[in-house]
Amino acid sequence: MNKVSGLVLKIISVLSAIYAVTMGLLFKEGAMTFFTYLSVAAIGIVLAVFLVFDLTGRKPSRVMYNIKYVFTLCIFVTFLLFNTLLGPTQVGGLFVSWGNIYYCSFCAHVLTPVTAVIDFFVSDREYEPKLKEAPLAVLPLFAYVIFVMILSSTGYIWYSLNNEPMCAPYNFLNYKAPCGWFGFDLGHINSQTLGIGVAYFIIVMSGIFALIGLGMLAIKRKTVAKA
């Protein structure tokens, strides 16, 4: 039953990811944003590979399991951030934001993450997670920050919710805002800044990634033990 459930969940997640990324690219919406299309594309590719493993009966390597864990966590963070911080601040609120680009947003921020996370826990019963691997979850965050800095140095421009140019795709990474890297500007929180220095946000997010990763592995260990 778990195998069938895993197959269904992977198929839904992969198809949802394909639709979200395709529509996002067609409408040129946030193609370089980590908490949307990059994380969705990544988990879509990973689950497609695991779908092949399931259908052919081949066993993934430890490295592949770790990759799946890392990108499942990334898409889960995408789900949390969009549905608690980004979506509600858009015009019309969260539920209206889900319908953006013919429900591409719903697929990217709800359907793909939910099915991917459930699959992580119900599939791969032979995978024995190690809690010491939890810090691996922080790697994509630092990789993305470096990626943003490189693009920014070339003059690449993103736009905020008010269609104003920024040096980063999100207000919490906008190091050219008044608070910069290490400042505080809590009196002017808007689509351009969260009012805290980017460095502090990265530290906080690193801790969040690590804690969520630890929790996911702990839950996974319990589900495997009960199998």
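The values are calculated or read from the model by the stated rules, or taken from the named source; none is laboratory data. Given the structure is predicted, the values throughout are model-derived calculations rather than measurements. Please note: Cβ atoms are built from the backbone with ideal geometry, for glycine as well, and neighbour counts cover all protein chains shown. For the accessible areas, the whole protein counts, side chains as well, though only heavy atoms, and no ligand, DNA or RNA atoms are used. Shrake-Rupley method; radii C 1.70, N 1.55, O 1.52, S 1.80 Å.
For Glu128, Glu133, the ranking by accessible surface with the largest value first comes to Glu128, Glu133, using a 1.4 Å probe.
For the range 123-227, give the magnitude of the charge dipole about the Cα centre (Cβ charges: +1 Lys/Arg, -1 Asp/Glu; no others), in debye to the nearest 20.
Details: 8 positive and 6 negative charges, 96 e Å.
It works out to roughly 460 debye.
If packing is taken as the average count of other Cβ atoms within 10 Å, what order do 137-143, 153-159 fall into, highest mean first?
In descending order of packing, they fall as 137-143, 153-159.
With contacts taken as Cα pairs under 8 Å at a separation of at least 6 residues, the range 68-183 carries a relative contact order of 20 percent. Measuring nothing but alpha carbons in the chain and taking Rh as the Kirkwood radius, the Rg to Rh ratio lands at 0.99. Hey, can you grab everything whose amide H is under 5 Å from the amide H of Ala168? Only 5+ residues off in sequence or another chain; H modelled, so Pro and N-termini drop out. Under 5 Å from the amide H of Ala168 lie the amide H atoms of Trp158, each far enough along the sequence or on another chain.
Computed from point charges on the beta carbon alone (+1 for Lys and Arg, -1 for Asp and Glu), the dipole magnitude for the chain about its Cα centre is near 800 Debye. In the chain, a dipole from Cβ-located charges (positive for Lys and Arg, negative for Asp and Glu) runs towards its positive end, and of Thr78, Pro135, Ser123 it is Ser123 whose Cα lies farthest in that direction. Simple spin-label estimate for Phe147 and Asn163 gives 2.7 nm between the two label positions (7 Å along the Cα-to-Cβ direction from each Cα).
Evaluating 6.51 cos²θ - 1.76 cosθ + 1.60 at θ = phi - 60° for every residue in the range 63-70, the Karplus couplings come out as 4, 5, 4, 5, 5, 4, 4, 4 Hz, glycine and proline recorded as x.
Look at the alpha carbon pairs under 8 Å that are at least 6 residues apart: their mean separation over the length of the chain gives a relative contact order of 20 percent. Using only the alpha-carbon atoms of the range 91-177 as identical scatterers, what base-10 log of I(q)/I(0) does the Debye formula give at q = 0.17, 0.19, 0.22 Å⁻¹? Scattering profile of the range 91-177, log10 relative to I(0): -1.01, -1.07, -1.11. Summed over the residues of the range 37-190 and divided among them, the accessible surface reaches 49 Å² per residue at a probe radius of 1.4 Å. Amide H contacts for Gly197 (H built 1.01 Å from N in the peptide plane; partners 5 or more residues away or on another chain; cut-off under 5 Å): Gly183.
Ordering His188, His109 by accessible surface, largest first, gives His188, His109; the 1.4 Å probe counts only protein heavy atoms, with every chain in place.
Summarise the accessible area of the range 6-97 (1.4 Å probe, protein heavy atoms) by the percent that is carbon and sulfur.
Carbon with sulfur: 77 percent of the solvent-accessible area.
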